[in-house]
Amino acid sequence: MNSKRDKFKELAEKRVNNALKNIQLIGNLSNTNNYDYNDEEVAKIFKTLKEELQTAEARFKISGKKSKFKL
């Protein structure tokens, strides 16, 4: 049976590669021969992606810190 670390590595590699592939697909939307868009729409896409990435990163930082109560 896989250890928690092995499972993390396996899923992290799979999920990050899937995310990278999907980000590349978003980049394909920049082809003006196939798509029509405006700057506001592009800004909204990247704002949303950045916010979600920051949220995910914060979850790692929070889960790793255990605070103790002190007076």
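A few notes on this one:
- Hey, Asn17 assigned to a loop (DSSP other than H, G, I, E, B), open to solvent by 80 Å² or more (accessible area, probe 1.4 Å) and out of contact with any helix residue (DSSP H, G or I) (no Cβ under 6 Å at 6 or more places or on another chain) or not: no
- The single condition among (1) open to solvent by less than 100 Å² (accessible area, probe 1.4 Å); (2) part of a loop (DSSP other than H, G, I, E, B) that Leu25 does not meet is (2).
The values are calculated or read from the model by the stated rules, or taken from the named source; none is laboratory data. Everything numeric here is computed off the predicted structure, so don't read it as measured data. Heads up, the Cβs are rebuilt from the backbone with ideal geometry, glycines too, and the neighbour counts pull from every protein chain shown. Each accessible area value is taken on the protein alone, full model and side chains, heavy atoms only, with ligands, DNA and RNA left out. Shrake-Rupley method; radii C 1.70, N 1.55, O 1.52, S 1.80 Å.
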